[in-house]
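Heads up, the thing below is written out as C-alpha cells.
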Amino acid sequence: MPRHSLADFNALPYPILDVRAPIEFAQGHVPGALNLPLFTDEERARIGTAYKQVSQEHAVHLGLEFFGPKMSAMVKQAKKLAPGKEVRLHCWRGGMRSGAVLWLLELAGFRVHLLDKGYKDYRRAVLASFEGPRAWRVLGGLTGSGKTDVLHALAAAPHRQPVLDLEGLAHHKGSAFGAIGQPTQPTQEQFENNLAAALLDLPAGAPVWVEDESRQIGRLTIPTPLFEQLRAAPRWVLEVPRAARVAKLAAEYGAENPVELAAAIERLHKRLGGLATQQALAAVEAGDFVRMVELVLDYYDKTYTYGLAQRPGEPARTFVPVADCNPADNAATLVERTSPKP
C-alpha cells in the first residue's frame, strides 16, 4: 500500500476517491475527485456522538456495524468510478476511514495509492498557495467594458497569455446582476480549492492577466494574501466609450430573465435612489434595456471611478483608450502595450 506525499499524490494519473461523508465532500473536495463515502452523513454524526459521549472503542464498533453490510456495494461502485482498478484515495486525515476502504479495495484487487495526512494536508497546501508571489497584470475598466471577454481573448490564439478568470471560478460576474445566467456559486472552500488548482496550472514566472475585482465576488471572498497582491499590482484600464458599453450590456441583459433583472435592480434600491429604481424597473417591464442600463450605469460608473482614484503608494494605472468592446481588438491592443519594446 503506497502512502504518498501530496506532491507525489497529485502527480499520479489515477482517479481520486474521496471516502468522506457526502456533506464533507459537498463542502469542499479536490477538483475532479469522486465521492465514495464510507458513511452517510447520519452515520458519521452518530459515530461522532458515540466517540464523544461513550468511547473510541464504542465508536469503532458502531462504524464496523455500518461498514459491514455495504462492503459489496462499495466495491461495485468503486469499479464503476475506476474501471482500471487503480485509484488514489483519501479521507480527512489519512486515518481509519481511508484505511478501512483501502483494505476493502485491495481485497477486491485494486491498487490503491493513499494520500498521507489526507484532505487536511491538501487544504493546508491550498491556503499556502495563495502566498506565492506572481507577476500580476490587473485589467480594469468601467462596467460593460467587456473585461472578461478580453481575458478570454488574451488566453486564446494568437496571444496565449496566462490568465486567471476569477469570475469564472466564482460563477459570478461581480455586480448586483452578477448571478444572472450563472451556475450556483461553489462554497468558499470549493472556490479556494478550484482557485488553487487554477494557480497551479499557470506557468511559473510569467505575467498573469486577471480582472480588477473587489474583495467579494458575489458571496465569495478572494483569499487575503492573493487579494493583497492584486491590489499592489500594476493595472491597465480599458477606456471604452459609454455608448459601446451601454449597447453591450443591453444586448446581454435583454436575453436574461426579466424577473431576475428586476430583483437585481431592487437590491440596488438604496444606491440608485427611489426614482431611478422605479424608472429602471419600468424600463425592464417595457423591454427597454438600453434605458435600464443607462440608469444603472450612472451608479456603477461613479462607484468605479471613485475606486480608481490614485492613492499614495499605489501602483500606476495605464489607461488604454479603445474604440469599442471588440475583445480580439482590445486584447491585441493590450499585448502591444505590454510587450517589450526592441
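Observations
- Interchain or long-range residues, amide H under 5 Å from VAL208's placed H: ALA135, TRP136, ARG137
- Between VAL290, VAL60, VAL75, the GNM of the chain built on Cα springs shorter than 10 angstrom shows VAL60 fluctuating the most.
- Rounded accessible area of PHE66 (nearest 10 Å², 1.4 Å probe): 30 Å²
- Taking every DSSP beta bridge that has both ends in the chain, the antiparallel portion is near 5%.
- Amide proton proximity set for ILE16, modelled H, under 5 Å, gap of 5+: LEU34, ARG88
- Cross-link partners of LYS120 among lysines (Cα-Cα below 24 Å; sequence separation of 8 or more within a chain): LYS52
- Averaged over its residues, the chain has an accessible area of 50 Å² per residue, based on protein heavy atoms and a 1.4 Å probe.
- When the chain is treated as a GNM with alpha-carbon contacts under 10 Å, the residue of HIS90, HIS171, HIS159 showing the greatest mean-square fluctuation is HIS159.
- When the residues ARG46, ARG88, ARG291, ARG245 are ordered by accessible surface, computed with a 1.4 Å probe over the protein chains alone, the sequence from largest down reads ARG46, ARG291, ARG88, ARG245.
- For segment 147-164, backbone phi angles converted through the Karplus equation (6.51, -1.76, 1.60; θ = phi - 60°) give residue-by-residue couplings of 4, 5, 4, 5, 4, 5, 5, 5, 6, 8, 5, x, 7, 6, 7, x, 9, 10 Hz, Gly and Pro being listed as x.
- Across the protein chains, with a 1.4 Å probe defining accessible surface, the residues LYS302, LYS341, LYS248 rank LYS302, LYS341, LYS248 from largest area downward.
- Considering only ILE180, GLY118, VAL210, the residue lying farthest towards the positive end of the dipole of segment 103-257 is VAL210, judged by Cα position with unit charges set on Cβ.
- Apportionment of accessible area to carbon and sulfur, the chain, percent (1.4 Å): 57 percent
- Taken along the Cα-to-beta-carbon direction at a fixed 7 Å, the label points for HIS58 and ALA156 span 6.3 nm.
- Comparing ASN194, ASN330, ASN257 in a Gaussian network model of the chain (Cα springs below 10 Å), the most mobile by mean-square fluctuation is ASN257.
- Label of the coordinate-derived value, log10 I(q)/I(0) by the Debye sum over Cα atoms at q = 0.09, 0.11, 0.15 Å⁻¹, listed as (i) -0.49, -0.75, -1.40; (ii) -0.49, -0.68, -1.20; (iii) -0.65, -0.86, -1.17: (iii)
- Helix axis angle, 327-338 relative to the chain longest principal axis, alpha carbon, degrees: 90 degrees
- Reach of LYS80 by Cα under 21 Å, taken over lysines that are not fewer than 8 positions away in the same chain: LYS70
The values are calculated or read from the model by the stated rules, or taken from the named source; none is laboratory data. Just so you know, these numbers come straight off a predicted model, no measurement behind them. Reconstructed Cβ throughout: ideal geometry from the backbone, glycine too, with neighbour counts over all protein chains shown. Only protein heavy atoms, including side chains, enter the accessible area calculation; ligands, DNA and RNA are left aside. Shrake-Rupley method; radii C 1.70, N 1.55, O 1.52, S 1.80 Å.
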